[in-house]
Amino acid sequence: MLFKSELQVNPACPRLIRRRGLERYDQLRIRRESRVEYGKPSKFSLASLNSDVDPVEFVSVRPTTKSRTMPYRRRTLLKVIILGDSGVGKTSLMNQYVNKKFSNQYKATIGADFLTKEVHFEDRLFTLQIWDTAGQERFQSLGVAFYRGADCCVLVYDVNSAKSFDNLNNWREEFLIQASPSDPENFPFVVLGNKVDVDGGNSRVVSEKKARAWCASKGNIPYFETSAKEGVNVEEAFQCIAKNALKSGEEEEM
């Protein structure tokens with residue numbers, strides 16, 4: 001959408017200049033254009049040469065006729081945290097969802113990192129900020145500031161590792177303690193049983209039935225069996241994650 005930011009001041013009208021808070025004509029920027037897409041901030045700034053003057057006070061933004069008829073789309077930032085033991089595939093799942101890429105080379109995450117992806121849902125545009133965390137014990141307590149503000153928590157385990165499944169309890173409790181959500185009993189979690197592709201599924205030690213029973217005991221947590229390598233159920237899982245995060249974020253605003 002093209003917006004024209006226009007300020008027309010007649011230099012022969014000093015009263016208008018004073019009313020606008022301008023002391024010099026060189027403070028004006030006249031008739032500049034900016035392309036704004038889906039709520040993205042303007043790429044230009046209308047800055048006064050005088051720092052004491054707030055240029056927002058005298059800028060008139062006049063959208064074109066076409067833009068007035070378009071539905072308003074609000075951008076929402078949703079924070080998602082992925083937790084689980086080291087090597088279960090947290091980074092691979094995130095990269096498969098965001099970049100559609102998979103690497104066979106394992107590189108342990110140090111501390112935490114994140115990727116973002118814009119998602120459309122019900123004629124709304126929002127940005128998923130997906131935080132990938134280290135699974136090593138020395139990084140388990142990353143600090144309150146990291147966990148706070150999360151809209152959804154994703155718990156990942158390896159279906160071929162009983163230990164990684166058993167540790168889901170620890171990761172869930174760790175999150176609830178650190179994040180301190182206002183309604184911990186109803187905070188949205190999503191569980192992913194990853195690496196279902198390994199050895200054609202013959203090496204798995206955690207059955208789907210057992211995993212679903214655990215999820216049911218924790219308040220019917222949504223459950224998906226995934227393969228970051230082959231992209232199995234990755235898109236579907238993150239659609240569910242995004243939906244739950246959006247719902248959580250809206251409830252927090254109420």
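The values are calculated or read from the model by the stated rules, or taken from the named source; none is laboratory data. The shown structure was predicted, so the numbers you read here are calculated from the model rather than taken from an experiment. A quick note on method: Cβ atoms are made from the backbone with ideal geometry, for glycine too, and the neighbour counts reach across all protein chains shown.
Quick one: would you say ALA242 is small (Gly, Ala, Ser), touching a Pro at 6+ places or on another chain (Cβ under 9 Å), part of a helix (DSSP H, G or I) and touching a residue at least 40 places away in the same chain (Cβ under 8 Å)? Against the criterion (small (Gly, Ala, Ser), touching a Pro at 6+ places or on another chain (Cβ under 9 Å), part of a helix (DSSP H, G or I) and touching a residue at least 40 places away in the same chain (Cβ under 8 Å)), ALA242 does not qualify. Going through (1) within 15 Å of ASP85 (Cβ to Cβ); (2) within 21 Å of the chain's Cα centre (by Cα); (3) part of a loop (DSSP other than H, G, I, E, B); (4) hydrophobic (A, V, I, L, M, F, W, C) one by one, ALA150 falls short only on (1). Identify all residues within region 159-175 that are touching a Gly at 6+ places or on another chain (Cβ under 9 Å) and either hydroxyl-bearing (Ser, Thr, Tyr) or free of Cβ contacts under 8 Å to residues at least 40 places away in the same chain (or both); write none if there are none. Residues satisfying the conditions are SER161, SER164.
Taken as a whole, the condition of being buried (at least 21 other Cβ atoms within 10 Å of the Cβ), within 21 Å of the chain's Cα centre (by Cα) and not β-branched (Val, Ile, Thr) applies to ALA237. Restricting to region 151-174, give me the number of residues that are touching a strand residue (DSSP E or B) at 6+ places or on another chain (Cβ under 8 Å) and either more than 18 Å from PHE238 (Cβ to Cβ) or not aromatic (Phe, Trp, Tyr) (or both). Residues in region 151-174 being touching a strand residue (DSSP E or B) at 6+ places or on another chain (Cβ under 8 Å) and either more than 18 Å from PHE238 (Cβ to Cβ) or not aromatic (Phe, Trp, Tyr) (or both): 15 in total. Within region 200-211, the presence of at least one residue that is closer than 22 Å to ILE81 by Cα and either modelled with pLDDT of 95 or more or touching a Pro at 6+ places or on another chain (Cβ under 7 Å) (or both) is confirmed. Of the residues GLU185, GLU250, the single one that is exposed (fewer than 15 other Cβ atoms within 10 Å of the Cβ), modelled with pLDDT under 95 and within 16 Å of the chain's Cα centre (by Cα) is GLU250. Being surrounded by 23 or more Cβ atoms within 10 Å (Cβ to Cβ) and within 22 Å of the chain's Cα centre (by Cα) is a condition met by no residue of region 174-182. Annotation: SER182 fulfils all but one of (1) out of contact with any strand residue (DSSP E or B) (no Cβ under 8 Å at 6 or more places or on another chain); (2) part of a loop (DSSP other than H, G, I, E, B); (3) within 14 Å of ILE81 (Cα to Cα); (4) not charged (D, E, K, R); the unmet one is (3).
Of note, GLY200 satisfies the criterion of being over 25 Å from the mean Cα position of the chain (by Cα) and loosely packed, with under 13 Cβ neighbours inside 10 Å.
As a summary of the residue check, ASN220 satisfies the conditions (1) modelled with pLDDT of 95 or more; (2) part of a helix (DSSP H, G or I); (3) of a type in the set (S, T, N, Q) except for the one numbered (2).
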